[in-house]
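Quick notes on the structure that follows.
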Amino acid sequence: MKTDQIPAPEQNPDEPIDKKENLFEVAEKQLERAFKVVQLDESLQTIVKQPKNEIIIHFPVRLTSGKIQLFKGYRVQHNNVLGPFKGGMRYHHNVYLDECKALAAWMTWKCALQNIPFGGGKGGVKFDPSAHNMEDLERITRRFTHALGTNIGPEWDIPAPDVGTNSQTMDWMMDTYSNMVSMSDKQAVKRVVTGKSIVCGGSPGREEATGRGIVHCINQWALEKRFSLPGSTLAVQGFGNVGSNTAQILSRMGVSLIAVGDHTGYWRHPEGFNPYKISEYVRAHRSLQGYPGGQSISRDEFFATKCDIFVPAALELQITEKEAKIMNCKVVVEGANGPTDIDGENLLLSRGIDIIPDILANSGGVIVSYYEWLQNKRSETWDIEDVRSRLETRMSSTYQLVSEKARFLKVDTRTACYAIALERLQQVYTRRGIWP
Ligand code: NAD
């Protein structure tokens, strides 16, 4: 092997390559805002400001082209006082350390908010998966899993799908990990990842869970506001797992998808798109590019579309002051993690636009991941109606708890979510203490 076949990674792994803002700074500011309204020990504040572990791995992969390429993988483990670290694995050309740190912290708050016995983690590999064939993706995933080694584990750190990864990625990760343990442990370690395909031990209802959880939040919001959902309008940014499932479930409730977009462009259709047809198109073409229905519009026109419900379901930092100024909706439901920056959020709230924050809105995914983990642990398979009804109960009751907390503390919904999560962590730290 010639060493000049391995290009050295040049970029500072802490920094975003094409974002003006650093995601971890947004997460830090949200936390500081919560510290002002929740009485927390200073020691807890110090502990949760930073993750426990930050792992960066460079691993070589022999691609199908014959070329050997060096990849950069990340896993950040934020907090595990409530249970094993838990969070997605992202394949994207802009994965960077501070992004993983922010996303891992949000997982800690999300699990604590939903009272799930998991902590927070996040990771990924910095590369563009759309530029690789399936065999390359398998080689990259298996090599990455092997390089992570015992940094993941069914009682230690449990990855799941995120942007650019799916159930196939999780099946490969599970299979590789199970080949790294002793023969007698192979079955027991299936739950090292969640979001697997059903035949490989995944849970019925996991694929749709994040979208379904978003819809339960929208339902609760509509009940609270006495707003009628049938006949209302929707705009969705990002038509992957989260965006497509949300739009499909809402369409069955009579909500019309009038604007949609992804990394290739934006489209509008005043009469409403058929979200099932769009999903089929995206499955076949891997993006919305060239979609024949509706009218092509600019990104600004998309954000300015008059609609009732706006669901960002793509990447982070999409709603800054610029977008918040032109948005024309009643509620923003954060399907994506961290889609709204601090200025964007302040402006939306001052304009009377409600926000259902990410750590509540998109928590359906980790809730059903927990159900998958439990089923694997108990060698059970629950039916889909059971999973759906448990999810609905948990999403609706947490939504109501957050609403009450926001009213009691007289704070915005995101800060109320943080308050509930941080108070739960504080209770545990108070009882357990900090050793030595
Ligand atoms: P995905 O890879 O299935 O889809 C991502 C979508 O975003 C694609 O349609 C893509 O074209 C679009 N996109 C990417 N870059 C964009 C850009 N610059 N502008 C506009 N659109 C862009 O990913 P997903 O699983 O649907 O995740 C979407 C978001 O939801 C992420 O923020 C993820 O962290 C969050 N999330 C996902 C889950 C889950 O269960 N999958 C759970 C909780 C949160």
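Below are the figures for this structure:
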{"read-out": "Counted residues, region 270-288 - those being surrounded by fewer than 17 Cβ atoms within 10 Å (Cβ to Cβ), within 13 Å of the ligand (Cβ to nearest atom) and polar (S, T, N, Q)", "value": "1"}
{"read-out": "Criterion (in contact with an Asp or Glu (Cβ under 9 Å, 6 or more places away or on another chain) and either more than 26 Å from R226 (Cβ to Cβ) or surrounded by fewer than 24 Cβ atoms within 10 Å (Cβ to Cβ) (or both)) met by exactly one of N376, N328, N346, N362", "value": "N346"}
{"read-out": "Residues of region 363-411 satisfying the condition of being in contact (Cβ under 8 Å) with a residue 12 or more places away in the chain and aliphatic (A, V, I, L, M)", "value": "V366, I367, V368, I384, V387, L391, M395, L401, V402, L409, V411"}
{"read-out": "Filter pass, H93 being open to solvent by 40 Å² or more (accessible area, probe 1.4 Å) and within 16 Å of the ligand (Cβ to nearest atom)", "value": "yes"}
{"read-out": "The one condition in (1) within 30 Å of P154 (Cα to Cα); (2) in a helix (DSSP H, G or I); (3) open to solvent by 10 Å² or more (accessible area, probe 1.4 Å) that V368 fails to fulfil", "value": "(3)"}
{"read-out": "Scope region 262-276; condition within 12 Å of E301 (Cα to Cα) and of a type in the set (A, V, I, L, M, F, W, C); matching residues", "value": "W267"}
{"read-out": "Matching option when the condition is part of a helix (DSSP H, G or I) and more than 28 Å from Q318 (Cα to Cα), among S403, S397", "value": "S397"}
{"read-out": "Residue match in region 96-104 (condition: at pLDDT 95 or above, within 16 Å of the ligand (Cβ to nearest atom) and of a type in the set (G, A, S))", "value": "yes"}
{"read-out": "Complete set of residues in region 149-184 that are assigned to a strand (DSSP E or B) and more than 19 Å from F59 (Cα to Cα)", "value": "G153, D157, I158, A160, P161"}
{"read-out": "Any chance G338 is in contact with a helix residue (DSSP H, G or I) (Cβ under 6 Å, 6 or more places away or on another chain) and at positive phi", "value": "yes"}
{"read-out": "Region 322-338, residues that are within 16 Å of the ligand (Cβ to nearest atom) and free of Cβ contacts under 8 Å to residues at least 60 places away in the same chain", "value": "K322, E323, M327, V332, E334"}
{"read-out": "Residue satisfying all of: in region 289-303; buried (at least 17 other Cβ atoms within 10 Å of the Cβ) and closer than 18 Å to P339 by Cα; nearest to the ligand (Cβ to nearest atom) among these", "value": "F302"}
{"read-out": "Leading residue by the ranking (farthest from the ligand (Cβ to nearest atom)) among those in region 245-269 that are open to solvent by 20 Å² or more (accessible area, probe 1.4 Å) and of a type in the set (S, T, N, Q)", "value": "S256"}
{"read-out": "Residue satisfying condition, being within 19 Å of the chain's Cα centre (by Cα) and part of a loop (DSSP other than H, G, I, E, B), within set G195, G243", "value": "G195"}
{"read-out": "Near pairs, Cβ below 7 angstrom, 6+ apart or cross-chain, from region 412-434 (in a helix (DSSP H, G or I)) to any residue that is among the small types (G, A, S) and open to solvent by less than 10 Å² (accessible area, probe 1.4 Å)", "value": "T415/A34; Y418/A34; A419/A34; A421/A112; L422/A34; R424/A112; L425/A112"}
{"read-out": "Residue count for region 219-244, restricted to those that are under 23 Å from Q318 (Cβ atoms) and either within 16 Å of the ligand (Cβ to nearest atom) or surrounded by fewer than 17 Cβ atoms within 10 Å (Cβ to Cβ) (or both)", "value": "11"}
{"read-out": "Failed item in (1) open to solvent by 30 Å² or more (accessible area, probe 1.4 Å); (2) closer than 17 Å to G88 by Cα; (3) touching a Gly at 6+ places or on another chain (Cβ under 8 Å), with M180 passing the rest", "value": "(2)"}
{"read-out": "N53 being surrounded by fewer than 23 Cβ atoms within 10 Å (Cβ to Cβ), touching a residue at least 24 places away in the same chain (Cβ under 8 Å), among the polar types (S, T, N, Q) and more than 16 Å from the ligand (Cβ to nearest atom)", "value": "yes"}
{"read-out": "Set G164, G195: member being open to solvent by 30 Å² or more (accessible area, probe 1.4 Å), touching a Pro at 6+ places or on another chain (Cβ under 7 Å) and under 18 Å from S244 (Cα atoms)", "value": "G164"}
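The values are calculated or read from the model by the stated rules, or taken from the named source; none is laboratory data. Remember, predicted model here, so these are calculated numbers, not experimental data. Here Cβ is always computed from backbone atoms with ideal geometry, including for glycine, and neighbour counts include all displayed protein chains. SASA here: full protein model, heavy atoms, side chains in, ligands and nucleic acids out. Shrake-Rupley method; radii C 1.70, N 1.55, O 1.52, S 1.80 Å.
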